[in-house]
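K.L.:
Before I ask anything, let me first share the structure, which is written out below as structure tokens.
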Amino acid sequence: MRGDQLARQWLLIQRLARSRAGTGLDELAEELGCVRRTVYRDLDALMYAGFPVTSEKRDGKAYYRFLDTFQMGQVPFTPDELLALAFSEDLLKTLEGTVFHDSIQAALAKIRAGLGPELSGYLARLGDGFRVLPGPHKRYAEFRDTIRTLNEGVLESHTLEMRYRTGRTGELSTRQIDPYKVWYHGGALYVIGHDHRSKEIRTFSVDRIRAIEDTLESFEAAGGFDFDAYTASSFGVVAEPAVHIRIHFSSDWASFVSEREWHASQTVTPLADGGLELSMEVGGSQEIANWVLSFGRGATVLEPDTLREEVRASLSTALANYDD
């Protein structure tokens, strides 16, 4: 396993760094819980990565250590933890130019500065084996100040005033919100909070905020806002009462659908025709309808009737677009 190899080589690095007189092959194999051949391979890997491993024979036995010039540096992390941080850097590339991405990069830079050239190079080689390529996402570099104001509003419980453009109509309005949570979902950033205008908890898309400022007025979340409870029944970002949904997927999509968790409430039932039936308790009918439509003829809504009709109407309209 790759994780076992990382952990073992990390222990080997630490063991060699502590032993100025050198350590025998049998002793290393026992400490690392592996055979001598594996220790040989790990030593070769470290030398290939640039570590100054040296050996000397005493009484016919080889002893391994690092050259005296090698310094471990300040290394409070395991290799898995360092790789996880690098993995996070990839995950946050969708938020490049924002405080989230900049902060993880700054943290990694500080860590790398304390590792020394050999460790930095070694971990960079290992990191090349784990990459994340972001899917479709919005770009947030120009919203750095907006995101910072939102974060400060959440942390300090300050009411914010913003100019907001509604997605469907494009209407611009000025409204005040008590921000409860900044939320990243599906390649986009949102803020959830109490909207003074509607007197309800609403979800706002960060990239639709045209201007924002702190009113410096403090607020308390009414009833103790619970983010997990608020989003529990949501299929996407729209919070609506949950309804029972059943969808039939053809055999072409069965593996794809069954291999993923679409919602915590889902139940997957294999069918005799090679397809499957997916059941969920979710809200957000428009988001679900759009998701079902993405499967083309491979997905059929069984219930509720309202969702079935919504998908049917969308398909009819789409078909009409192709009529001469």
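K.L.:
Under the condition of being among the hydrophobic types (A, V, I, L, M, F, W, C) and loosely packed, with under 15 Cβ neighbours inside 10 Å, which residue from segment 265-292 is nearest to P241 (Cα to Cα)? Explain how you work it out, then say what you get.
P.N.:
Taking segment 265-292 and keeping what is among the hydrophobic types (A, V, I, L, M, F, W, C), we get 268, 271-272, 276, 278, 280, 282, 288-289, 291-292.
Among the residues that remain, those that are also loosely packed, with under 15 Cβ neighbours inside 10 Å are: 271-272.
On the way: L271: 29, A272: 32 Å.
The extreme case among them is L271.
K.L.:
Then there is this: How about segment 158-170: which of its residues are more than 20 Å from V237 (Cα to Cα) and exposed (fewer than 15 other Cβ atoms within 10 Å of the Cβ)?
P.N.:
R163
K.L.:
Right, another one. Just name the residue that is surrounded by the most Cβ atoms within 10 Å (Cβ to Cβ) out of those in segment 171-198 that are touching a Pro at 6+ places or on another chain (Cβ under 8 Å) and small (G, A, S).
P.N.:
Let us first name the residues in segment 171-198 that are touching a Pro at 6+ places or on another chain (Cβ under 8 Å), namely 187, 191-193.
Okay, now just the ones that are also small (G, A, S), so 187, 193.
Values: G187: 12, G193: 25.
By that ranking, first place goes to G193.
K.L.:
Here is a follow-up. Kindly establish whether S218 is surrounded by fewer than 17 Cβ atoms within 10 Å (Cβ to Cβ) and free of Cβ contacts under 8 Å to residues at least 60 places away in the same chain.
P.N.:
The answer is no for S218.
K.L.:
If you don't mind, there's one more thing I want to ask. Report the residue count in segment 179-202 for those that are outside any strand (DSSP E or B) and charged (D, E, K, R).
P.N.:
Our first condition is that a residue be outside any strand (DSSP E or B); within segment 179-202, this holds for 186-187, 196-199.
Next, from what is left, pick out any that are charged (D, E, K, R): 197, 199.
Here the count works out to 2.
K.L.:
Further question: Can you report the number of residues in segment 82-99 which are under 15 Å from the mean Cα position of the chain (by Cα), surrounded by fewer than 20 Cβ atoms within 10 Å (Cβ to Cβ) and of a type outside the set (K, R)? Reasoning before the result, please.
P.N.:
Initial filter on segment 82-99 (under 15 Å from the mean Cα position of the chain (by Cα)): 83-96.
Pick out the ones that are also surrounded by fewer than 20 Cβ atoms within 10 Å (Cβ to Cβ) and you get 83-85, 87-93, 96.
Subsequent filtering for residues that are of a type outside the set (K, R) retains 83-85, 87-92, 96.
Residues meeting the conditions: 10.
K.L.:
Can you spot a residue in segment 258-265 that is in a strand (DSSP E or B) and either modelled with pLDDT of 95 or more or at negative phi (or both)?
P.N.:
no
K.L.:
Take the residues in segment 204-263 that are β-branched (V, I, T) and out of contact with any Leu (no Cβ under 7 Å at 6 or more places or on another chain); name whichever of them is farthest from T159 (Cα to Cα).
P.N.:
V243
K.L.:
Looking at I201, I245, which is the one that is in contact (Cβ under 8 Å) with a residue 60 or more places away in the chain, surrounded by 15 or more Cβ atoms within 10 Å (Cβ to Cβ) and touching a strand residue (DSSP E or B) at 6+ places or on another chain (Cβ under 6 Å)? Lay out the reasoning, then the answer.
P.N.:
Numbers: I201 fails: in contact (Cβ under 8 Å) with a residue 60 or more places away in the chain.
After applying the criteria, what remains is I245.
K.L.:
Another question about this same structure. Identify the residue in segment 119-142 that is more than 30 Å from L11 (Cα to Cα) and surrounded by 14 or more Cβ atoms within 10 Å (Cβ to Cβ) and, among all such residues, is modelled with the lowest pLDDT.
P.N.:
Once the filter is applied, the top-ranked residue is H137.
K.L.:
Restricting attention to segment 83-95, does a residue exist that is at pLDDT 85 or above, among the hydrophobic types (A, V, I, L, M, F, W, C) and within 30 Å of A141 (Cβ to Cβ)?
P.N.:
Checking segment 83-95: at least one residue is at pLDDT 85 or above, among the hydrophobic types (A, V, I, L, M, F, W, C) and within 30 Å of A141 (Cβ to Cβ).
K.L.:
Of all residues being within 28 Å of the chain's Cα centre (by Cα) and of a type in the set (D, E, K, R) in segment 169-194, which is modelled with the lowest pLDDT? Just the residue, please.
P.N.:
In the first step, residues of segment 169-194 are kept if they are within 28 Å of the chain's Cα centre (by Cα); the result is 177-194.
Checking which are of a type in the set (D, E, K, R) leaves us with 178, 181.
Values: D178: 97, K181: 94.
Top of the filtered list is K181.
K.L.:
How many of the residues making up segment 237-272 are over 21 Å from the mean Cα position of the chain (by Cα) and among the aromatic types (F, W, Y)?
P.N.:
2
K.L.:
A further question on this structure: Test P304 against the stated conditions and say whether it is touching a strand residue (DSSP E or B) at 6+ places or on another chain (Cβ under 7 Å), in contact (Cβ under 8 Å) with a residue 60 or more places away in the chain and not assigned by TED's automatic domain parsing to the domain that holds Y190.
P.N.:
On the way: touching a strand residue (DSSP E or B) at 6+ places or on another chain (Cβ under 7 Å): yes; in contact (Cβ under 8 Å) with a residue 60 or more places away in the chain: yes; not assigned by TED's automatic domain parsing to the domain that holds Y190: yes.
Judged against the criteria, P304 is a match.
K.L.:
What do you reckon, is R297 crowded, with 16+ Cβ neighbours inside 10 Å, basic (K, R) and outside the structural domain of R202 (by TED's automatic domain parsing)?
P.N.:
no
K.L.:
Is it fair to say E310 is touching a helix residue (DSSP H, G or I) at 6+ places or on another chain (Cβ under 9 Å) and either part of a helix (DSSP H, G or I) or modelled with pLDDT under 95 (or both)?
P.N.:
For E310, the condition - touching a helix residue (DSSP H, G or I) at 6+ places or on another chain (Cβ under 9 Å) and either part of a helix (DSSP H, G or I) or modelled with pLDDT under 95 (or both) - is met.
K.L.:
Checking the structure you have, find out if any residue of segment 221-236 is loosely packed, with under 15 Cβ neighbours inside 10 Å, of a type outside the set (G, A, S), modelled with pLDDT under 95 and more than 25 Å from the chain's Cα centre (by Cα).
P.N.:
Checking segment 221-236: not a single residue is loosely packed, with under 15 Cβ neighbours inside 10 Å, of a type outside the set (G, A, S), modelled with pLDDT under 95 and more than 25 Å from the chain's Cα centre (by Cα).
The values are calculated or read from the model by the stated rules, or taken from the named source; none is laboratory data. These numbers were taken from a predicted model, which means no experiment stands behind them. Neighbour counts run over all protein chains shown; Cβ positions are idealised from the backbone, glycine included.
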